[in-house]
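Following this message is one structure expressed as structure tokens.
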Amino acid sequence: MAALGIAMGGGNWFSALVLGVTLLKCLLIPTYHSTDFEVHRNWLAITHSLPISQWYYEATSEWTLDYPPFFAWFEYALSHVAKHFDQEMLNVHNLNYASAKTLLFQRFSVIFTDALFVYAVHECCKCIDGKKAGKELTEKPKFILSVLLLWNFGLLIVDHIHFQYNGFLFGLMLLSIARLLQKRHMEGAFLFAVLLHFKHIYLYVAPAYGIYLLRSYCFTANKPDGSVRWNSFSFVRLISLGLIVFLVSALSLGPFLALNQLPQVFSRLFPFKRGLCHAYWAPNFWALYNALDKVLSVIGVKWKLLDPNKIPKGAMTSGLVQQFQHTVLPSVTPLATLICTLIAILPSVFCLWFKPQGSRGFLRCLILCALSSFMFGWHVHEKAILLAVLPMSLLSVGKAEDASIFLILTTTGHYSLFPLLFTAPELPIKILLMLLFTIYSISSLKTLFRKEKPLFNWMETFYLLGLGPLEVFCEFVFPFTSWKLTYSFIPLFLTSVYCAVGITYAWFKLYVSVLTDPPAGKTKKQ
Amino acid sequence: MEKWYLMTTVVLIGLTVRWTVSLNSYSGAGKPPMFGDYEAQRHWQEITFNLPIKQWYFNSSDNDLLYWGLDYPPLTAYHSLLCAYVAKFINPDWIALHTSRGYESQAHKLFMRTTVLIADLLVYIPAVVLYCCCLKEMSTKKKIANALCILLYPGLILIDYGHFQYNSVSLGFALWGVLGVSYDWDLLGSLAFCLAINYKQMELYHSLPFFCFLLGKCFKKGLKGKGFVLLIKLACTVVASFILCWLPFFTEREQTLQVLRRLFPVDRGLFEDKVANVWCSFSVFLKIKDILPHHMQIMISFCFTFLSLLPACIKLILQPSPKAFKFTLVTCALSFFLFSFQVHEKSILLVSFMLPLLLKDELLMPSVVTMVAFFIACATSFSIFEKTSEEELQLKSFSISVRKYLPYFTFLPRIIQHLFLISIIMMVLLTLMTVTLDPPQKLPDLFSVLVCFVSCLNFLFFLVYFNIIIMWDSKRRRSQKKIS
């Protein structure tokens, strides 16, 4: 009785937070789910019913397997549990099969695999020092970080309503970051290699890992002024890292190499036939580029500078994933986006090499890589903003400057996820959860840093407050106006552009703070 | 209060839980011909919108009282009328006379659920927030924890947002009444409580404590001077609010009588269905319903009810204090529920385990989740497993008195701990059994009756427990001049 009391009492707030959010996830089971639900059911069917040689060739359903092999093995493992719930979902030909038991199984599998995320959050909290802590539990950085990660709005919406398995993937990433912060480099590298073979989108942040491990792990010592000491290079470490990556890749791609299917696998993993932007523009640089192009073309037509017949029909956010040309500004090719991304990543990577600040510097570089790839990547999904938001939470409880950038990034990033849930019953849920997360994050970080200057200047406050009227306009006013038929893309357009402004601003501010930070030798804390 | 943002967070969590529960099924979904409470509420909108006031409570060709006839006081009818106006604006098919019977659609469900949420948001939730903020002798953290537990109370959420009812309105008004009366805003408090009674007659369960508390206050102020003035003012407030609500029905005697007949159906038997009531549990051993004649049943239930709540009420008149008032509210409601006539299981919104009802509505998942969440919230906020000394169970005075006669009566806290554990284990077991197993052929109602029986025992225990707290609370409080 006493042990239960201690567990339940004030001491174990972490368990209470975890239980609370798990119960909330259970309540979200009957909500709307997107086509991703069918995608994963299809993959369960493919991996269960077909031999490995068919996995990347199967195309009965339009949702073909386009994640790396480890994820396919994960679905295979899940399918063995699934057969006890409902055998029918494992039939490849049962397209769009969504019985009650299937729904229950899939939802519970997401909730269950989130256990890895919970463990990763627990490890991350150990890396946060609580020197700034007040005596109040709710003011401790560990508590705030746990809430920001466990109750993250974006993760809840994307995983438990829209339906995906990002929870345990981000768990792997946060765990590898935590291991690197704890100076357990080999484990961190191993975890990241495994993560890459689960979902290749994490390639975005691979440069940060590569350069950091090379600079701060393979070179074992620095000169007093912080630059690299070339003779401290450790071949052993380099070889062992290489071996880890090689072994993991061999385990993953080996079977397909043996079957001579590598080109097919890669063509599934990297489909470049899709357009520059997703049907709903992710709020990145290209959204602003497209918007500018559209505005210029409208002005051009009005002032008779352009011939209206030459403009391709249909708005670019018409909901189809297609290739299109820009009218006024030059068109963008995949190669151009790659070059832009590389140019954007370069300064942060250089910083990581020339001004290493230990594991914190690595974290900042990782976030910048993720954000830069989001800004300039080809066919970026708005969900990819989570790649930057979640690691940034770790920084936000450290410095006031970082907290301010984090809040702008998170609030606009989360708001940009709203178009994912467009059904009426989910409207109150997304608004309530967004308010919950935003109000909590802003007020708790403000309380944590109340002794320093205010987190937002008037411009930023105004911008963030503007999200409210924008939402009211897009969801409550616009559908009842006459423009709904002629200009149906306007809500998505406005959301995309407004959020792109905020995210670009946050990216820029973070870059400036990283570039202007003094190098490690001169700071007293490392 | 400085932690306003935490309170906002708690309210938002409460609202989120409510709305996610409302995504599930409602009572009587897809079950013609009678459907359930959801259809009843829709039907009332139809009746109140299409028929003139004089016909609302009467049987006629347009208004078939056997098909969910109106059996709540006028304020519910006015609320339905208001909702009907909104429904007419959105889609008149929802409330078309006769043709809209059994109307079910996603849009309509969304509309009905929204009306519940708005009513909750306007009446109940502000009352809870204000109540918790005004609690004295508590740290801010405790106040917020209180608010979280109250807002997460599964009974209210599941009945209002799952099964479908508007209990939050009447409970909200009653809570405003409690607030007003506890902080000496007597007139406003009694007005609020009258509104509560006029919304659902179930609130009459709480009327006796209100009456006794206010009477006690008048006595304390002295019946020759200020007390008498207060009494007159209160009487006028109550009469005025009743007249205001019942105005259209006071024009003819027959109208008033018919409404009363619909509100208090005394033609029915001692109990219906399986309720965690003493009579229902007692009938396991002895079939009272069949043995005693009708009027004897009424007399016995009347006597038992009043005998069980008399001590606490008398004490309240003699020594009115907000704390005693709150406890008396609980005991009176429990007494009424346990002993009175023709009780419905939904009347117990204090401590309730309405499992069979919820299973019928296919609300198993939300019920489990909300109950676990509530339990964890309470356990974490109030460390109930740690605070089991006599002081904290508020039984100190009682055990001191008992120890005068039985010097070895020191094991009270441990008894209570064990009882608590036993009752939790039994409830979990019963829940598991009800969900997974099928009852034996000869006793098809076995599990429902067992649930009711166990719940009844729990309620009886609490009745005794709270009565003890009230009765033995006297001397210590009076010596400390503070009023809590």
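The values are calculated or read from the model by the stated rules, or taken from the named source; none is laboratory data. All values derive from a computational prediction rather than experimental measurement. Note: ideal-geometry Cβ built from the backbone for every residue, glycine included; neighbour counts use all protein chains shown. Protein only, heavy atoms only, side chains kept; ligands, DNA and RNA dropped before computing areas. Shrake-Rupley method; radii C 1.70, N 1.55, O 1.52, S 1.80 Å.
Please check which bits of region B:41-68 a label hung off B:Glu252 would reach, taking the label as a point 7 Å along Cα-to-C-beta and the cut-off as backbone N under 14 Å.
Backbone N within reach: B:52-60.
A further question follows. With the solvent-accessible surface defined on protein heavy atoms using a 1.4 Å probe, which residues belonging to region A:387-432 display a reduction of at least 20 Å² in accessible area in the multichain context relative to the isolated chain?
At a threshold of 20 Å² (probe 1.4 Å), the residues of region A:387-432 that become less exposed are A:Ala424, A:Pro425, A:Pro428, A:Ile429, A:Leu432.
Which residues of region B:18-47 end up with at least 20 Å² less accessible area in the presence of all protein chains than when their chain stands alone, using a 1.4 Å probe?
B:Trp19, B:Thr20, B:Leu23, B:Asn24
Points 7 angstrom from Cα along the Cβ direction at A:Leu137 and B:Leu457: gap in nanometres?
According to this spin-label approximation, the distance is 3.4 nm.
What residues qualify as long-range amide H neighbours of A:Val380, i.e. H under 5 Å apart, gap of 5 or more or another chain, H built at 1.01 Å from N?
A:His278
Using +1 on the beta carbon of Lys and Arg, -1 on that of Asp and Glu, and nothing else charged, what's the dipole of chain A about the Cα centre, debye to 20?
For chain A, the charge dipole is close to 1580 debye.
Considering only DSSP states other than H, G, I, E and B, which chymotrypsin sites (Phe, Trp or Tyr not before Pro) in region B:92-137 qualify as loop sites with at most 15 other Cβ atoms within 10 Å?
Counting only loop positions with at most 15 other Cβ atoms within 10 Å, none of the chymotrypsin sites (Phe, Trp or Tyr not before Pro) in region B:92-137 qualifies.
Now for a different question. With viscosity set to 1.002 mPa s and temperature to 20 °C, compute the Stokes-Einstein D of region A:285-516, Rh being the Kirkwood radius across alpha carbon pairs; µm²/s, no decimals.
Once the numbers are plugged in, D ends up at 110 µm²/s.
Where a ≥ b ≥ c are the square roots of the eigenvalues of the C-alpha gyration tensor, would you call region A:118-177 rounded, which needs a/c under 1.5, or, failing that, prolate if a/b is larger than b/c, or oblate?
oblate
What is the sum of charges around B:Lys217, taking Lys and Arg as +1, Asp and Glu as -1, for the other residues whose C-beta is under 9 Å from the C-beta of B:Lys217?
0
Under a plain spin-label model, where a point goes 7 Å from the Cα along Cα-to-Cβ, how far apart in nm are B:Asp93 and B:Leu130?
So the label points at B:Asp93 and B:Leu130 sit 4.2 nm apart.
Rounded to the nearest 0.05, what FRET efficiency is calculated for B:Leu432 and A:Tyr119 with R0 set to 30 Å and r the Cβ-Cβ distance?
E between B:Leu432 and A:Tyr119, to the nearest 0.05, is 0.55.
A follow-up question, please. So how do B:Lys31, A:Lys25 rank on accessible area, 1.4 Å probe, biggest first, that is with the largest at the start?
Output order, biggest surface exposure first: B:Lys31, A:Lys25.
Roughly how crowded by other chains is peptide B:104-116, in terms of the mean Cβ count from those chains within 10 Å of each of its Cβ atoms?
1
Quick one: net charge of B:Ala373's neighbours, Cβ under 15 Å, K/R +1, D/E -1?
My count for the surroundings of B:Ala373 gives +2.
Sequence gap of 8 or more, or different chains, plus Cα separation below 23 Å: how many lysine pairs satisfy both in region B:133-242?
7
Could you check the simple spin-label distance between A:Glu452 and A:Asp225, using points 7 Å along Cα→Cβ, in nm with one decimal?
2.9
What does the net charge come to around A:Ser61 if you take all other residues with beta carbon closer than 14 Å to its beta carbon, with K and R at +1 and D and E at -1?
Once positives and negatives cancel, what remains is -4.
Peptide A:436-449: average number of partner chain Cβ atoms within 10 Å per residue?
Mean inter-chain Cβ contacts per residue within 10 Å come to 3.
In region A:199-267, which trypsin sites (Lys or Arg not before Pro) fall in coil by DSSP and have 13 or fewer other Cβ atoms within 10 Å?
Passing sites in region A:199-267 are A:Arg229.
Can you pull the percent of Cα pairs in chain A with separation above 33 Å?
44
Given a 1.4 angstrom probe, I'd like the percentage of the accessible area of region A:285-516 that is carbon and sulfur, rounded to a whole number.
73
Could I ask something else about it? Report which residues of region A:27-51 become buried by 20 Å² or more of accessible surface when going from the isolated chain to the complete set of protein chains (1.4 Å probe; DNA, RNA and ligands ignored).
A:Leu27, A:Pro30
For region B:1-87, with every protein chain kept in place, what is the accessible area per residue (1.4 Å probe, Å²)?
Per-residue value: 36 Å².
Only Lys, Arg, Asp and Glu count, each charged at its Cβ (+1, +1, -1, -1), so figure out the dipole size of region A:285-516 about its Cα centre, rounded to 20 debye.
Dipole about the Cα centre, nearest 20: 300 debye.
B plus A alone minus the pair: what accessible area, both sides summed, probe 1.4 Å, in Å² to 100?
Roughly 2900 Å².
Okay, next question. Hey, what do the phi angles of region A:22-38 turn into as Karplus ³J(HN,Hα) couplings, whole Hz, using 6.51/-1.76/1.60 and θ = phi - 60°, x for Gly and Pro?
5, 4, 4, 5, 5, 5, 7, 4, x, 7, 4, 10, 8, 5, 4, 4, 5
In whole Å, what are the extents of region B:143-279 along the principal axes defined by its C-alpha atoms, from largest to smallest?
Answer, in whole Å and largest first: 50, 50, 31 Å.
Let me ask something additional. Roll a 1.4 Å probe over the protein chains and send me the accessible area per residue for chain A in Å².
43
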